[in-house]
Amino acid sequence: MGVILADSQHAHIVHKVMMQAFKEYEHATPPSSALSETVDSIEQALNNGEQAFISYMENEPVAMVRFTLNDEGIYFFRLSVIPEKQGLGLAKTLIAEVENFARAQGKIISECKVRMSVPRNIELYRSLGYVITKETMAENLNGITLPVVTMEKTL
């Protein structure tokens, strides 16, 4: 297994992995706005400061995470593992990669937002040392408001 730091040329891979992983949320209330993103929107984001790691097994992309750096930390989002590879520790590996990248940049906080309606994701981050720092109503890319928690870890 290998992990690469993506660039805008990898937008189609980031999109493909994300679509496979987020398909389970297409009937959620509300559906994930990740499913509305396009290769072009991801390419544009990657050209404008967003970054991503892609994880490969046997030369096939199986997981990815997108992130941005800010003054004191790193914010990661859209953590995606294709359904047939879930449960193998790929998400934890990518989060460790994000945290190591942040530390190398002198950052001290790792942060993510999680739908309150997906407790297994909250538990995943808790198991890695993240704590809930905020409960808010957030508006997704489709303009729909939903309850989310902000989770942070000091690096």
Restrict the check to segment 80-88 and report whether at least one residue is out of contact with any helix residue (DSSP H, G or I) (no Cβ under 8 Å at 6 or more places or on another chain), among the hydroxyl-bearing types (Ser, Thr, Tyr) and closer than 24 Å to THR145 by Cα. no
Single residue of segment 29-60 satisfying the filter (buried (at least 19 other Cβ atoms within 10 Å of the Cβ) and closer than 20 Å to SER117 by Cα) that is modelled with the highest pLDDT: ALA34
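Is it true that ARG103 is open to solvent by 30 Å² or more (accessible area, probe 1.4 Å), among the basic types (Lys, Arg), touching a residue at least 12 places away in the same chain (Cβ under 8 Å) and closer than 23 Å to TYR25 by Cα?
So ARG103 does not fit the description; no.
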Within segment 66-83, does at least one residue satisfy the condition of being part of a helix (DSSP H, G or I) and either at pLDDT 95 or above or surrounded by 17 or more Cβ atoms within 10 Å (Cβ to Cβ) (or both)? yes
So in segment 6-28, with the set limited to residues that are open to solvent by 60 Å² or more (accessible area, probe 1.4 Å) and without any contact (Cβ under 8 Å) to a residue 60 or more places away in the chain, which one is nearest to PRO119 (Cα to Cα)? GLU24
Only listed residue being β-branched (Val, Ile, Thr), modelled with pLDDT of 95 or more and part of a helix (DSSP H, G or I), chosen from THR150, THR93: THR93
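The values are calculated or read from the model by the stated rules, or taken from the named source; none is laboratory data. Just so we're clear, the structure is a prediction, and the values are computed from it rather than from any experiment. All Cβ positions, even for glycine, are placed from backbone atoms using ideal geometry, and neighbour counts span all protein chains on display. All accessible areas refer to the heavy atoms of the entire protein, side chains included, with ligands and DNA or RNA removed. Shrake-Rupley method; radii C 1.70, N 1.55, O 1.52, S 1.80 Å.
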